[in-house]
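Nothing in this text is a laboratory measurement; each read-out follows from the coordinates by a stated rule. Just so it is clear, the model here is predicted, and its values are computed rather than measured. So basically every Cβ, Gly included, is an ideal-geometry build from the backbone, and we count neighbours across all protein chains shown.
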Amino acid sequence: MRFLADGMLGKLARWLRMLGQDVVCNTQLDGNKLLELAKTECRVLLTRDFELYKRAITRCLDAFYIKEKKETKQLSEVAQRYKVRLEIDMDKINCPLCNTKLEGISKEQLKDRLEENTYKFYNKFWWCPKCSQIYWQGSHWKQINQTLSLSQKKSH
Ligand SMILES: [Zn+2]
């Protein structure tokens, strides 16, 4: 799916990108700009702003009003509505920072950029060709999966 998240949904945008979704989120855009972009780029508008949601609907745009404040609940609402699988597939992940498709990279190529222990204990790495951020399934990965499984539960 192609989404456009309003400036209040930065965290949700990062989660959806990790789940392989194409999400534009720019805190500089006001309501009019958001509606314009949703239309020209055919994106589903995700918003916490009910007035903006109503304006999008009256213009026949696909929009989803997010009531929840907690990111796990937000994620679970969007996942249910748009059938997004709450599982990370490293071959489809988008950079959470800049929304670019990640690419696999050999660890030898990253030798100068990784800490010794990371280099020693992990073998699979991905990087973002746009912002150069490096990713691997390190100790933080447990937390990521915990959040996703929380989002999978319908009542929490
Ligand atoms: Zn990036």
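Express the relative contact order of the range 78-137 as a whole percentage, based on alpha carbon pairs under 8 Å and six or more residues apart in sequence.
Relative contact order of the range 78-137: 27 percent.
Please state the relative contact order of the range 103-152 as a whole percent: Cα pairs under 8 Å, 6+ residues apart?
31 percent.
R81 to Y65: extension gain in nm, 0.36 nm per residue of separation minus the Cα-Cα distance?
4.7 nm
Taking a cut-off of 17 Å between Cα atoms, list the lysines near K69, but don't count ones fewer than 8 places away on the same chain.
K11, K153, K154
Taking 0.36 nm per residue of separation and subtracting the Cα-Cα distance, what length does fully extending Q137 through N32 add?
Between Q137 and N32, full extension yields 33.9 nm more.
Evaluate E = 1/(1 + (r/R0)^6) for T147 and M8, where r is the Cβ-Cβ distance and R0 equals 30 Å; express this FRET efficiency to the nearest 0.05. Let's see the in-between values first.
Numbers: r = 19 Å, r/R0 = 0.62.
The calculated FRET efficiency here is 0.95.
Any chance you could count the Lys pairs in the range 103-152 whose alpha carbons are under 15 Å apart, treating pairs 8 or more apart or on different chains as valid?
4
Taking the Cα centre of the chain as origin, sum charge times position over the Cβ atoms of Lys and Arg (+1) and Asp and Glu (-1), and report the length of that vector in debye to the nearest 20. Could the numbers behind the result be given before it?
On the way: 29 positive and 19 negative charges, 90 e Å.
For the chain, the charge dipole is close to 440 debye.
Express as a percent, rounded to the nearest 5, the fraction of DSSP beta bridges in the chain (both residues included) that run antiparallel.
Expressed as a percentage, antiparallel bridges in the chain total about 40.
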